[in-house]
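Here the structure is laid out as structure tokens; the discussion comes afterwards.
Read the figures in this text as sums done on the coordinates, not as results from a lab. Nothing here was measured: the structure is a model prediction, and the numbers come from that model. Every residue, glycine as well, gets a Cβ built from its backbone with ideal geometry; the counts of neighbours run over all protein chains shown.
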């Protein structure tokens, strides 16, 4: 007896179209032989080929990947620790401040975070001599700092619905706390740890503003490079990169969805 | 074997368990019975080691285990939610405790197989818990706890999550298992039927304290206080004032019933002392003819309500004073002409010895 | 299930000690930087590396004095320019948030009413763009909105317009960019609140008598308020300081504080003023940030 609201469906379609229109157009034009968006010069993969020869771009891509992997891993470890502590420790000293420091990065404008971290690194350099030059290390530290907050959100959500009697059962059966942590807690948290890692990885890979502030000579990340290029307008090889990333994301997300669905199906 | 001495636990001023002392014998199937909030779960968790007592001691086989963490106690707990590890198979679940004891792999495999056979789950050893039914999950939980051969097995509401048919079946399985293994079981439950059927001794708990400890028969037929009397089974509670006593019997006057009754009581109670007595519905005989009053308490009334269950009938009889007594009677005769109907005037009588004096 | 507290001392002790590491990390790399910005906002610009004066003046006999100035702040307030920019940023972020809500709410409502299978798919379709680079997605609009871009090309060739529409390098493009980029952030909190409401009941009530619109306004809307607030704050606060969108899609007359800060810092090298602007921006955002934190905590408690 549900009356289908035409209005609702129209708005939803419009919304989805909005979300995917730019993506679709970029994909289409990445295969455009002509430089210009207005002219369709025929199907071509020349922009993809030119990517392979663009050393600067490839170097920036590898740098971004390296930073993303390291920062995601450290952020996940620290974030998980924070989430566990906040959820389980009854009387935590400085809980209020900690809670604020964990929520604020989620909404803080990146300009402020970037600027403040740069000033910190400069002050540190004049006080203790490190970091002498800013670059990959400072970018990684910055990324870890803001990614942590996102990991905490994801892990906390999982902890809220986790059955704690499982850890008690393990202890009851003779498992010492450390053993219980690795035998039960970590496996139970694994989905949240993985999605937290992925989230931190994506945020790091995609970051422009903060990296721009805290980076130094010689350390150009992929977003920084892309931004410099696109300030001047549409560049076809950027279309090619976008399409590649879209492809990777679709593959990754579909795989993840299939895996979780299969697990859920076999559990039913 | 288990001695609990003055055990207490309070949470920020709220007392959950208040000076509880119990002795549990080796090989018993002991039940702790009480409604939710009475403190029985807290008591259980203190026995298992998940709560630190605020006071008192727990001794197992003479060894003080009050401060010991759960992984150092010869005690295992079967959780109400079963708490099976979802990422491990049935066999791995059962083997977990043995692995923590660092037993050789061959021995672990042998004991796991033995235990799975005992609970009839051999064919499901390689399955994950989410593919099992509720009853099967419970048996895994049981196997997992028992495979370590603990001195004491604690069971938290073991039958609560099962549907009725399965519950009856499992009740007998549990009792048999316990008898076979000879392990001391302590069952915590709010279901009095469960406690009565399973246990060799019951402790009734209320508001953090033990109200009474005894065999099921003792607790049912000889409750010592109002709470136990009304918690287990149906009962009629009657307040009265002592009028006199002689030769082990106490006479009292009950205004509520507008009757004088007698009860067997060893104590000599002074006249004027208030006394509460109780009588179970099934101990009362209901008849339309006046019964012989020797050694019996007799009152008169009118049938107000009648519940026919086929094998038995429950009557609610209103006395002249206005008070209502519950009576249950087996339907011993087939003939309809002898049955009692609504608005019949009836006599209720019961043996003086069936009257229960309650001390509080 | 037992209602007694589940934690056991061994956990607590170890966690309490271990959590010091991330705690100190955050204190050093998140909190301390804000204090430093505060300090620099009171400094004077100098031609040196770094281009600001030190706070503490050390002499031969130790601490001689403090060199601080309110010049930066008074400059901000004297020069109406900054005031205008801040107000403009707030206004643009607010309008963008409202537009995002107007599109996001019906979408979230629509998804929440679908059967479970389809719901997952639709939600996935909303989240998918999020995993694709933010920068690249904003960039993608350039190709669409440009005077010689796809949309104009289409409309011109269909004869709907005769002159290309200026859709790029103006406020319109920025609003579009904000709505587009932040839509997933608006939809997710809305969806999770709406999903918890039993929408079938509302449909039934509506069919029984209460007019649909009335039932929606009186029941659904108020109950979905936490989701609305969460989504709006999640969009508004970062949008105020947004840089990428105005930098790529905005025009010369698009006044947003994020861009101004960037220019102030990278172009004019006036770090003390940049710091003062940041401090002012932060002060403006503290109330919404605290509100957001309060909502987050409430949300977390509700789900346990």
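Spin-label model, residue A:251 to residue B:306: label points 7 Å out along the Cα-to-beta-carbon direction sit 8.2 nm apart.
What FRET efficiency do you get for residue B:343 and residue B:193 if R0 is 30 Å and r is their Cβ-Cβ distance, rounded to the nearest 0.05?
Values: r = 33 Å, r/R0 = 1.11.
With a Förster radius of 30 Å, E is 0.35.
Debye-formula intensities of chain B, expressed as log10 I(q)/I(0) at q = 0.07, 0.10, 0.11 Å⁻¹, are -0.42, -0.75, -0.85 (one equal scatterer per alpha-carbon, no solvent). Taking only alpha carbon atoms, segment B:1-116 gives an Rg to Rh ratio of 1.03, where Rh is the Kirkwood radius.
Full extension of the chain segment joining residue C:124 with residue C:301 gains 61.1 nm, where the gain is 0.36 nm per residue of separation less the Cα-Cα distance. With the simple model of a label 7 Å out from the Cα in the direction of the Cβ, residue B:1 to residue C:98 spans 7.5 nm.
Mind checking the mean number of beta-carbon atoms from other chains within 10 Å of the Cβ atoms in C:115-122? Walk me through the numbers before you get to the answer.
Details: counts 0, 0, 1, 0, 0, 3, 1, 2.
Partner-chain Cβ atoms within 10 Å, mean over residues of C:115-122: 1.
Taking the C-alpha atoms only, the angle from helix B:90-100 to the longest principal axis of chain B is near 70 degrees.
Convex hull volume per residue, computed on the Cα atoms of the protein assembly as shown, equals 278 Å³.
Comparing mean-square fluctuations of C:17, C:78, C:118 from a GNM of chain C with C-alpha springs under 10 Å, the top value falls on C:17. The value for chain C of Rg(Cα) / (2.2 N^0.38 Å) is 1.29.
Highest GNM mean-square fluctuation among B:26, B:253, B:164, for chain B modelled with Cα contacts below 10 Å: B:164. For chain A, the longest principal axis of the Cα atoms and the long axis of helix A:186-206 meet at an angle of about 30 degrees. log10 I(q)/I(0), Debye, Cα-only chain A, no solvent, q = 0.07, 0.08 Å⁻¹? Treating every Cα as an identical point scatterer, log10 I(q)/I(0) equals -0.37, -0.48.
Our summary of shape: the Cα atoms of segment A:1-107 have principal axis extents of 67, 59, 21 Å, ordered from largest down, in whole angstrom.
Our helix-only sum for chain A, with -39,500 (n - 2.57) per DSSP H run of n ≥ 4 divided by its residues, gives a mean residue ellipticity at 222 nm of -25500 deg cm²/dmol. On the basis of the beta-carbon distance and an R0 of 22 Å, residue B:19 and residue B:234 show a calculated FRET efficiency of 0.10.
Give the separation of the Cα centroids, segment B:30-70 to segment A:1-66, in Å. Value for the Cα centre distance between the two parts: 64 Å. At the listed q of 0.17, 0.21 Å⁻¹, the Debye profile of segment A:64-123, built from one uniform point per Cα, gives log10 I(q)/I(0) equal to -0.81, -1.06. A Gaussian network model of chain C, with springs between Cα atoms under 10 Å, assigns the largest mean-square fluctuation among C:182, C:82, C:23 to C:23.
Work out, step by step, the length gained on full extension between residue A:34 and residue A:130: first 0.36 nm times the residue separation, then minus their alpha carbon distance; give nm to one decimal. Taking residue A:34 through residue A:130 to full extension adds about 29.7 nm, to one decimal.
Is there a simple number for the mean count of other chain Cβ atoms within 10 Å of the Cβ of residues in C:152-164, and what is it? Provide the component values of the computation, followed by the final result.
On the way: counts 2, 4, 0, 0, 1, 1, 0, 0, 0, 0, 0, 0, 0.
Per residue, the average neighbour count from other chains is 1.
Return one number: the angle in degrees, 0 to 90 and rounded to the nearest 10, between the long axis of the Cα atoms of helix A:236-267 and the longest principal axis of the Cα atoms of chain A. Result, in degrees: 40.
Once the Cα gyration tensor of segment C:73-186 is found, what semi-axes does its equivalent ellipsoid get, as square roots of 5 times the eigenvalues, in whole Å, sorted largest first?
Details: eigenvalues 185, 120, 33 Å².
The equivalent ellipsoid of segment C:73-186 has semi-axes of 30, 25, 13 Å.
Normalised by residue count, segment B:209-277 yields a Cα convex hull volume of 102 Å³ per residue.
Any chance you could run the full-extension gain for residue B:68 through residue B:289? It's 0.36 nm times the residue separation minus the Cα-Cα distance, nm to one decimal. It would help to have the intermediate numbers written out before the result.
Values: separation 221, 0.36 × 221 = 79.56 nm, distance 6.55 nm.
My answer for the length gained is 73.0 nm.
Across all directions, the average projected area of the convex hull around the alpha carbons of segment A:118-217 is 8.4 nm². Averaged over the residues of B:69-81, the number of partner chain Cβ atoms lying within 10 Å of the residue Cβ comes to 5. All Cα-Cα distances of segment B:236-358, cut into 10 Å bins from zero to the largest, leave 14, 45, 29, 11, 2 percent in each bin in turn. Spin-label model, residue C:162 to residue B:176: label points 7 Å out along the Cα-to-beta-carbon direction sit 9.6 nm apart.
Pairs of Cα atoms in segment A:85-153 fall into 10 Å distance bins, from 0 up to the last occupied one, in shares of 17, 41, 29, 12, 0 percent. Compactness of segment C:145-277 is given as radius of gyration and Dmax, 21.5, 67 Å, from Cα positions. Each of the peptides C:265-273, B:93-101, A:127-135, C:235-243 was scored by the mean count of other Cβ atoms within 10 Å over its residues; in descending order, highest first, they stand as C:235-243, B:93-101, C:265-273, A:127-135.
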